[in-house]
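The values are calculated or read from the model by the stated rules, or taken from the named source; none is laboratory data. In this text, all values refer to a predicted model and were calculated from it rather than measured experimentally. Please note: Cβ atoms are built from the backbone with ideal geometry, for glycine as well, and neighbour counts cover all protein chains shown. The area values use the complete protein model at the heavy-atom level, side chains included, leaving out ligands, DNA and RNA. Shrake-Rupley method; radii C 1.70, N 1.55, O 1.52, S 1.80 Å.
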Number of protein chains: 2
Amino acid sequence: MNGAESLVRTLVASGVDTCFANPGTSEMHFVAALDHVPGIRCVLGLQENVVTGAADGYWRMLHKPAATLLHLGPGLANGLANLHNARKANSGIVNVVGEHATYHLQYDAPLTSDIDGIARPVSQWIGRAKAAHDVAKLGAEAVTVARSGSGKIATMVLPADTAWTEVTGPAPAVAPPPRARVDDSAIIAAAAALKKAGSRGMLVLGGHGLLRPCLEVAARIAAVTGCRLSNPGASARMERGGDLPRVGRVPYILSQALAYLKDTDEMVLVGCRRPVAFFAYPDQPSLLTPDHCRITPVADVDDDLLDALERLADALKAPKGKVEGPAPLPEPALPEGGVSVEKIAAAIAALIPDHAIVLDESLTSGRGIFAASEASGPHDWLQNMGGSIGYSLPMAVGCAVACPDRKVVALTGDGSAFYTLQALWSMAREQLNITVVIFANRTYNILRGELTNVGVANPGPRAVDMLTLDRPDPDWVALAKGHGVSAVRVTEMGDFSRAFAAALETRGPQLVELVF
Amino acid sequence: MNGAESLVRTLVASGVDTCFANPGTSEMHFVAALDHVPGIRCVLGLQENVVTGAADGYWRMLHKPAATLLHLGPGLANGLANLHNARKANSGIVNVVGEHATYHLQYDAPLTSDIDGIARPVSQWIGRAKAAHDVAKLGAEAVTVARSGSGKIATMVLPADTAWTEVTGPAPAVAPPPRARVDDSAIIAAAAALKKAGSRGMLVLGGHGLLRPCLEVAARIAAVTGCRLSNPGASARMERGGDLPRVGRVPYILSQALAYLKDTDEMVLVGCRRPVAFFAYPDQPSLLTPDHCRITPVADVDDDLLDALERLADALKAPKGKVEGPAPLPEPALPEGGVSVEKIAAAIAALIPDHAIVLDESLTSGRGIFAASEASGPHDWLQNMGGSIGYSLPMAVGCAVACPDRKVVALTGDGSAFYTLQALWSMAREQLNITVVIFANRTYNILRGELTNVGVANPGPRAVDMLTLDRPDPDWVALAKGHGVSAVRVTEMGDFSRAFAAALETRGPQLVELVF
């Protein structure tokens, strides 16, 4: 077998069974190997930010890495923004980046670039095969890195001649190191802080701290201390709804964030860092916690968070049994008539199917959905951790590949959706079980607020032009059709609810464009 | 005025009158300044690779830099691939990349990234404002760098607080250094080589060596020595057709490239490097010139190529007068019936309007167009110099903004077009005079050949799946409509010619999808 086949066999042996790909000439041996090696599924994306975003979504649902297959430096560059998001979400991904043959690099052919340099800002590990017999071992190492801690971005550079040269065979899987156990001193300090603060305490959770096993322990801690539970502003993945405890989030809008935190005396961090402002604004603080708030970091996102929370519960003498779930709220009525942020929130909260995977990139249009849906049935809530918009449609591809039996719901603004709309085609090709909602307000609406926040009171027409998506109005029904996805446009809330419900009941990709 | 306004005023004072932009919160002060400063046009792109590709096209037509406005590291990352292409084309661009406020960086908010690291692989210069009073001076320096030599990529990082803090004013323009004059020794050696080789000599031209002033001198050199004229495989911009000398190109396909060069004894390089294979293939050479071919480099792309060519012509005692243009060829007949590479070439060559700007990303479908169009009327021929596909639609935006009175013709494969299809929306918004032809063979056809070239004889179904764009078939008429561009689909050559001719006669963007 050649180096490429040794890599594919190593990936499979290491538990990697999915590859999101946009290959080119230098990756052809890897592509050819797919037909010789059973046990790996390859999904094509038409642009690389679809590929890397899909790998991020896949990890978040399964906590095992997918591979990506990317075409030299520019292919990696096209996928870099969603790798940034994935890194900030602590996802594990194995990037395989094709490269010119080792002896060809000296000639600086057009596609020659500094692949390692492009990879570095988004990768915790970079490995470059120097010869074919390196390839399998590097591949196994990349998977180990990707699986370590909460998840890491491992980028492997595969020169074409190391892919096509004969080798002896694949490399065995190498288990990642176990997650670290946090020190007793941190647990003791956190227990004292939460005990003292009572309802003015806040337990802030990140990483797998927002998944069911940890949340059930967090609920016991909240029950015994009275502390609030929150994420630091966003979650890579939060299980919520149904019988799970209600976990708040630090709002994006600065004034709301300051209000949300103002009565917090003690903040305990498990799997995350302290909440900070998304952006700085003139004469506004970067740190969101009040001056009087003491902060106790307990565990880094890579640590064993379940162990830490269980020891914290023990230190607080929290009763062992499962805390009863929150009281149900009245079912929201499905709204009719004109579109508003409140009605959008009510309609979506009412209709989210049980066990849905919700990707929230709804920005200003969806400001109310998170709060409204906390009493919906059990579902997963995934958010953008890196701030690079255009993440939800690619993520939806990865989540749907990872969890074919669940409904994936991607809620996205039109501006965000445009960055990676090619993901729609992968949804259609793979007939993925995804409902996309486009909030088509035809503006970068968030930036209108931000113009004011940074002190621009009366933007002129040229500034406003940079924030609007009209002239021409995008037609998302046509864009979906062009990618092979069925779509419908609605402009009124009753129609929206009916269209959204119908899409959810249909297997395969469906798109609803809500124009307002 | 604040730092952002000082930058906009400095850019305008330095001759930058166009900004391609996809801004976010950290760039809002720059956006606000657009309304206070006359003399700068701002064009919105819905994805950053549209923005950077447009800036590349703008430079290639005007040889003056546009600015780009990009949103922190991820915004730059999204535009990186077309910056790679621009750098390989020796284009000049001033990137303005917003950044968190200097004091906010320490908190590692979601969008925090190593912007300098992301910029480095594609930038010849990186400047980071440390305080507001740096901004104007750095902006002037960035423009000077971008305009130096053949053109450079200058990336300026603009922290939000340096943009919003008050400053005294803009900075004056700084002229770039003049292009270097090449040594006499290189001229003498090249003259001797071409004289000796006669018709077995080849003068290979790059950079502005492929524009009219240089080509007219090259024609005199060819007339006096009998040498062939060629580009090294592709051209950032070549003026051709009409009375201009016919300049060949080294073919992409390796066997054809070797055949094209096999009778060359002496190769003289003016404004380019020696031709090399685009990719390495097992047991095939990386260098395309035969062993017996001597290579004489005369001038780097940054040097004064017109001066070098004039001195070379003088050294060869080439007569001073303009060489008569090549004999006209018979007008190609417009083909009818089924689609073939030859018929595509004939139809396009027959219909290219005089003074058109042609962007060639037609790959396998357009293999014949370059040769067929050498006897068309005068036009510009622009190619991808960096190999990252998805360049032609963004480039078309930039070329059309630069040259509103000329027709821009973008010839692209469907696979390539998908990477940056959002460019269609900018064409519609700005009502740019662009005709797009999509060659919809619904496959990465070039990769089918490459699979064979790298030694894969019988690709299996999973490999073939990675090379095909069917299942579902993209609908480019719908995709164009979704972006606000009128489009028509044809499947037969007579219909194609009529549709292409009609599109060329219509002002504003039009798209023709040729399905075959």
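General observations
- Length-normalised contact order of segment B:323-482 in % [C-alpha pairs under 8 Å, at least 6 apart]: 18
- Shape call, segment A:230-372: gyration tensor on alpha carbons, a/c limit 1.5: oblate
- Accessible surface of segment A:341-515, 1.4 Å probe: 51 percent of it comes from carbon and sulfur atoms.
- Working note: Karplus 6.51/-1.76/1.60 with θ = phi - 60° gives segment B:287-300 the couplings 8, 9, 7, x, 4, 7, 7, 8, 10, 10, x, 9, 9, 6 Hz, where Gly and Pro are set to x.
- Mean partner shielding of peptide A:273-280, defined as the number of other chain Cβ atoms within 10 Å of each residue Cβ, is 6.
- Computed from the Kirkwood radius of its Cα pairs, the Stokes-Einstein diffusion coefficient for segment B:154-274 at 4 °C and 1.567 mPa s stands at 76 µm²/s.
- Estimated from the Cβ-Cβ distance and a Förster radius of 45 angstrom, the FRET efficiency linking A:Ala371 and A:Tyr103 is about 0.15.
- The listed residues B:Glu492, B:Glu513 rank as B:Glu492, B:Glu513 when sorted by accessible area, largest first, using a 1.4 Å probe.
- Kirkwood-type hydrodynamic radius, chain A: 24.0 Å, calculated from all non-identical alpha-carbon pairs.
- Checking every one of the trypsin sites (Lys or Arg not before Pro) in segment B:130-207 against DSSP loop status and a limit of 14 other Cβ atoms within 10 Å picks out B:Lys130, B:Arg181.
- Shown in residue order for segment B:412-417 are the 3J(HN,Hα) couplings computed by the Karplus curve 6.51 cos²θ - 1.76 cosθ + 1.60 at θ = phi - 60°: 9, x, 5, x, 5, 4 Hz (x for Gly and Pro).
- The trypsin sites (Lys or Arg not before Pro) of segment A:267-337 that meet both conditions, a loop assignment by DSSP and at most 13 other Cβ atoms within 10 Å of the site Cβ, are A:Lys317, A:Lys320, A:Lys322.
- Taking both sides together, the accessible area buried where B meets A is about 8000 Å² for a 1.4 Å probe.
- FRET efficiency, 1/(1 + (r/R0)^6) with R0 56 Å, evaluated for A:Asp405 and B:Leu287 via beta carbons: 0.55
- Net +/- balance of residues flanking B:Lys152 in space, Cβ distance below 11 Å, scoring K and R +1, D and E -1: +1
- DSSP bridge pairs, segment B:341-515: antiparallel proportion in percent, nearest 5: 5
- Fully extending the segment from B:Gln431 to B:Ala192, taken as 0.36 nm per residue of separation minus the present Cα-Cα distance, adds 80.8 nm.
- Peptide A:386-395 shows a mean partner chain C-beta count of 4 within 10 Å per residue C-beta.
- Residues in segment B:341-515 average 27 Å² of solvent-accessible surface per residue, probe 1.4 Å, ligands and nucleic acids excluded.
- Dividing the summed helix terms, -39500 (n - 2.57) for each DSSP H run of n ≥ 4, by the number of residues in chain B produces a 222 nm estimate of -10500 deg cm²/dmol to the nearest 500.
- Average beta-carbon neighbours from other chains, 10 Å sphere, peptide A:450-457: 5
- Part-to-part distance (alpha-carbon centres) for segment B:47-125 and segment B:440-471, which is given in Å: 33
- The two copies B and A are related by a rotation, and the chain B beta carbon nearest its axis, with distance in whole angstrom, is B:Ala478, 2.
- Difference of contour (0.36 nm per residue) and Cα-Cα distance, B:Lys130 to B:Thr506: 130.4 nm
- Calculated FRET efficiency for the pair B:Arg212/A:Gln256, C-beta based, R₀ 56 Å, to 0.05: 0.35
- Within straight-line cross-link reach of A:Lys481, lysines at Cα separation under 29 Å, skipping those fewer than 8 residues along the same chain: A:Lys343, A:Lys407, B:Lys481
- Segment B:3-164, accessible area per residue, ligands and nucleic acids excluded (1.4 Å, Å²): 21
- Charged neighbours of A:Ser230, selected by a Cβ distance under 11 Å, balance to +3 (K, R count +1; D, E count -1).
- Volume of the convex hull of segment A:1-107 (Cα atoms only), normalised per residue: 98 Å³.
- Within the protein assembly as shown, antiparallel bridges make up roughly 10 percent of the DSSP beta bridges whose residues both belong there.
- Rg/Rg_globular for segment B:419-516, with Rg_globular taken as 2.2 N^0.38 Å and Rg from C-alpha atoms: 1.28
- Using a 7 Å projection from Cα along Cα-to-Cβ, the label point at A:Asp263 is separated from the same position in the remaining copies by 9.0 nm, smallest value first.
- Label point of A:Ala175 set 7 angstrom out along Cα-Cβ; within segment A:293-309, amide nitrogens under 20 Å from it belong to A:302-308.
- Normalising the average separation of contacting C-alpha pairs (under 8 angstrom, six or more residues apart) by the number of residues puts the relative contact order of chain A at 14 percent.
- The orientation-averaged projected area of the convex hull spanned by the Cα atoms of segment B:170-221 comes to 5.3 nm².
- Max-minus-min Cα coordinates of the protein assembly as shown on each principal axis give 99, 68, 53 Å, with the largest extent listed first.
- Shape analysis of segment B:73-139 places it in the oblate category; the axes a ≥ b ≥ c from the Cα gyration tensor give an a/c of at least 1.5, with a/b not above b/c.
- Overall form of segment A:1-44 per C-alpha gyration tensor (a/c, 1.5; a/b vs b/c): oblate
- Hydrodynamic radius by Kirkwood, which averages 1/r over all alpha carbon pairs of segment A:450-495, in angstrom: 13.6
- Among the protein heavy atoms of segment A:3-164, carbon and sulfur supply 51% of the accessible surface, probe 1.4 Å, non-protein parts ignored.
- The DSSP beta bridges internal to segment A:184-315 are antiparallel in roughly 5% of cases.
- Net charge of the neighbourhood of B:Ser392, taken over other residues with C-beta under 9 Å away and scored Lys/Arg +1, Asp/Glu -1, is -2.
- For segment A:86-178, the spherically averaged projection of the C-alpha convex hull amounts to 6.2 nm².
- Copies compared at B:Ala457 - label distances in nm, ascending, label defined 7 Å from Cα in the Cβ direction: 7.9
- Solvent-accessible area lost in complex, 40 Å² minimum, residues of segment A:110-135 relative to chain alone, 1.4 Å: A:Pro110, A:Leu111, A:Pro121
- Relative to the Cα centre, the charge distribution of segment B:341-515, modelled as +1 at Lys and Arg Cβ and -1 at Asp and Glu Cβ, gives a dipole magnitude of about 220 debye.
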